[in-house]
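Contents: one structure, followed by commentary.
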Amino acid sequence: MLPRSRTLPSRIQIGNVDERHDLKHYVQVEVQPKVTTSTQQTNQQAINIEANYSKCFDDDGRLRRTGTFWTASSHIITAVIGSGVLSLAWAIGQLGWVAGPTVMILFAFVILYTSNLLSQCYRSGDPVTGQRNYTYMDAVRANLGGRRVVICGMVQYLNLFGVAIGYTIAASVSMMAIKRSNCYHSSHGKDPCHMSSNGYMITFGVIEILFSQIPDFDQVWWLSIVAAVMSFTYSFAGLGLGIGKVAGNGSFKGSLTGISIGTVTPSGSTVTETQKLWRGMQALGAIAFAYSYSIILIEIQDTLKSPPAEYKTMKKATVLSITVTTVFYMLCGCMGYAAFGDLAPGNLLTGFGFYNPYWLLDIANVAIVVHLVGAYQVYCQPLFAFVEKWSAKKWPRSTFVTGEYDIPIPFFGVYQINLFRMVWRTCFVVLTTIIAMLLPFFNDVVGILGAMGFWPLTVYFPVEMYISQKNIGKWTNRWLGLQLLSFACLIVSVAAAVGSFAGVVLDLQSYKPFQTTY
């Protein structure tokens, strides 16, 4: 039987529910008081309820957390090494050999620094014994309050919604790439093998509907580990193919300043001076998206056991994860650009710069799909939990919202189904799938998501919360340094957003809804 979800309070049976053994309701259970006795003999004989209670529950009365440095690292790697890695060769291709790697390293340092600031905001007050903040928005509420809580919630959950759309697009493209590579191989390159992505998006949506029924974030740790392994699989495949093509070419392609004006792209358009500017800005968004995971950092940290203090474990996990992903990003992005130069595809493994060995492409794209199935859940579980907690608080006595049914499953045990959770999560996946079918522009969507989430969620709120928590005075050297960092990242986000929206406008000029083919 799966452990009890933390999206709803602890369980007790109430009212007429005792007559229905298949249905349970949930209300908040107060922490049990410490047992006191009058004599030493009674103390020795009585069961120490408080001690036994603490063995199963944390200091906040919730089920004891079991996450470790390794599970946190797997969650982060799963979230970071996602579909964004596939667009890095294209991003470096727009910026060139000088600006491309430099920007990537700068993003890594910014993400690492601001993630450490954010991890120290998991507890309010004392970093070891202070009150826990279970979500990113809880941390903003505890440290900043006011309208910024609402703004943060809107930006965070809109970004999570967008990530679900982006992952649906990326997964469908990889599914198509598997069929197209086999089609191309069987026709010996004579058949262009064009096809629609709609059916593949629907298939991915059905898979996510099933996995979305996993009740809580800490129950997908195994899915994160599988997804992390898959991310390494396709990253190595892309790296190996890039190295092989560079070796075949006998030289490195590309230039110091990026794509040349006048280059004819695979879509048939010619790069103008204005388009080069937009492409460079869009590349910033693609790199930002590749590193984005701060929006779920608090949720990951909330799965960690203590001692040691959660922020210490999270700091170590962040250092390891960002270091590993940066090495992969540099290798994959740079080798992809070296292999293709100005014609680097928007998606390294599905842009059909590589055709052989087709079986390796198939393995890599299968790994991408499996990874995105897990990454979709890692990103969406916080949004699922937010809606379900709010609904349980709003309608605590509603059977539809808080009631759970015990469903016996052979060889598994008993699985608890909540009707509201099933309906709401299914509707969410269906909606993201439909939008993905309407706007199947991989690079443009990636750039917009990176721009939308980078400055507010990765930089601004962590910096402001840290300043508030540590009581850093205005106009001090540290305050000025943090504000300068925030302003510089704001400029980067604005530039990335402008470039990505310009790309969408260009794509829409030759677009027909639900009829896009690859």
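The values are calculated or read from the model by the stated rules, or taken from the named source; none is laboratory data. Nothing here was measured: the structure is a model prediction, and the numbers come from that model. Glycine also receives a Cβ, built like all others from the backbone with ideal geometry; neighbour counts cover every protein chain displayed. Each accessible area value is taken on the protein alone, full model and side chains, heavy atoms only, with ligands, DNA and RNA left out. Shrake-Rupley method; radii C 1.70, N 1.55, O 1.52, S 1.80 Å.
Test of understanding: among 485, 480, which residue is part of a helix (DSSP H, G or I), hydrophobic (A, V, I, L, M, F, W, C) and either under 30 Å from residue 438 (Cα atoms) or in contact (Cβ under 8 Å) with a residue 24 or more places away in the chain (or both)? Explain how you work it out, then say what you get.
Numbers: 480 fails: either under 30 Å from residue 438 (Cα atoms) or in contact (Cβ under 8 Å) with a residue 24 or more places away in the chain (or both).
Criteria check complete, one pass: 485.
Would you mind finding the one in 463, 414 that is touching a strand residue (DSSP E or B) at 6+ places or on another chain (Cβ under 7 Å), farther than 23 Å from residue 202 by Cβ and either outside any helix (DSSP H, G or I) or β-branched (Val, Ile, Thr) (or both)?
414
Quick check on my filter: what residues within the stretch 332-355 are modelled with pLDDT of 65 or more and among the polar types (S, T, N, Q)?
Residue satisfying the conditions is 347 alone.
For a quick check of your reading of the model, give me the residue pairs whose first member lies in the stretch 90-104 and is touching a residue at least 40 places away in the same chain (Cβ under 8 Å), whose second is in a helix (DSSP H, G or I) and open to solvent by 40 Å² or more (accessible area, probe 1.4 Å), with beta-carbon atoms closer than 6 Å and at least 6 apart or on different chains.
Short answer, once both residue conditions are applied: 94/279.
Let's see how each residue does on (1) under 30 Å from residue 127 (Cβ atoms); (2) aliphatic (A, V, I, L, M):
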residue	(1), (2)
238	no, no
241	no, yes
260	no, no
273	no, no
276	no, no
282	no, no
291	yes, no
308	yes, no
312	yes, no
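Which members of the stretch 433-446 meet the condition of being modelled with pLDDT under 90 and open to solvent by less than 50 Å² (accessible area, probe 1.4 Å)?
Hits for the stretch 433-446 are 435, 436, 437, 440, 441, 442, 443, 444, 445, 446.
Condition check ((1) within 25 Å of the chain's Cα centre (by Cα); (2) open to solvent by 10 Å² or more (accessible area, probe 1.4 Å); (3) under 23 Å from residue 80 (Cβ atoms)) across all residues:
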{"position": "132", "(1), (2), (3)": "yes, yes, no"}
{"position": "135", "(1), (2), (3)": "yes, yes, yes"}
{"position": "142", "(1), (2), (3)": "yes, yes, no"}
{"position": "152", "(1), (2), (3)": "yes, no, yes"}
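If I ask for residues that are outside any helix (DSSP H, G or I) and either surrounded by fewer than 17 Cβ atoms within 10 Å (Cβ to Cβ) or at pLDDT below 75 (or both), which ones from the stretch 74-129 would you list?
Listed by number, the residues that qualify are 81, 82, 125, 126, 127, 128, 129.
Tell me, please, whether a residue that is open to solvent by 10 Å² or more (accessible area, probe 1.4 Å), among the basic types (Lys, Arg) and in a loop (DSSP other than H, G, I, E, B) can be found in the stretch 384-400.
Taking every residue of the stretch 384-400 in turn, at least one turns out to be open to solvent by 10 Å² or more (accessible area, probe 1.4 Å), among the basic types (Lys, Arg) and in a loop (DSSP other than H, G, I, E, B).
Tell me the helices (runs of 4 or more DSSP H) entirely within the stretch 259-344 that contain at least 1 residues that are under 30 Å from residue 66 (Cβ atoms) and in contact with a His (Cβ under 7 Å, 6 or more places away or on another chain).
Correct list: 297-301.
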